[in-house]
Amino acid sequence: MENSTPWIILIVYVMTLLSIDFFILHKKNRVTSVKRAIFETIFFISNALLFTVLIYWFYDASMVENAGNLKPTDAVIKYLTGYIIELSLSVDNLFVIAIIFTSFKIPRQYQHNLLFLGILGAIVFRAILISVGLVLINKIHGMNIVFGLFLLFTALKMLKKEAKHSPEAEKPKGLLKFFRFSNDLHGGKYIAKENNKTVFTALAGALITIELTDLLFALDSIPAIFAVTTDPFIVYSSNIFAIMGLRSLYFFLSNMLEKFVFLKYSVFAILLFVSLKLMSISFLEIPEWFSLLFIGVSIIIGIYISTVVIKQKEK
């Protein structure tokens, strides 16, 4: 029987980090400076790396149901690979978050609060999606090929996608038919009164949109991690730590995203690689060190080419 201790430690660890983030690092709604954003990014990435010690301990002490008979070192490598895949595939998510904030005219002092609530929603929704995905891939023969083809379709679709997005398209127009939304912030509230009627504020609209887009991006990133491992603990822990790091990374990269235009090609290469790996997993074993190397090199090349183009434009 699986020991529940690792899961309890994971949830307590995550909730502790979120409490530090909300009650200490962001006690008041204030604009996140670049310096603070760098500190918070280092803080969350360091904790994600520190969690590898616990991963090693859990698998070394056989505290986790280890259906794949992973060695502690292999478990750590798969965790790190899943973590990096989630971060790299979420680059597009940062662009969408920026568009959502612009569309709903959300001031910077309220943005962290929205992203924090978005993390809480992601913890629940991703647990559900991962559970459903694992059931499908374990019970239905050839499901890994279906997931691989879906990722391949996503990669090709992303490559053809227009670089420019319409901010209006990011608003939940379908939801507007069922709920009353206001364009006002009402002092940072999510529900308010207008003309004696209860309405959802712009903050509520932005939060709903963030949660919906996170679910859409999860449909890409979760199958991608299945190409690395189907171990529930590794998939979920790497996913959650990456999401927390992504939210803090947003404030650091929000002013730089438009400059690194070639990163989308890095994401395309990573999606293409993991889709092929997922489809061939039954008859071809690609070592995790190669996966990590490929992902890292893809990101570095995207950043390097973007930097070269920026310098040429400045000259």
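FYI, it's all coordinate maths here, none of it is from the lab. Since the structure is predicted, the reported quantities are computational estimates derived from the model, not experimental observations.
Details
- Distance violations [Cα-Cα > 25 Å] among Lys139/Lys277; Lys78/Lys311; Lys35/Lys313; Lys78/Lys277; Lys264/Lys311: Lys78/Lys311; Lys35/Lys313
- For the range 41-109: Kirkwood Rh in Å [reciprocal of mean 1/r, alpha carbons]: 14.5
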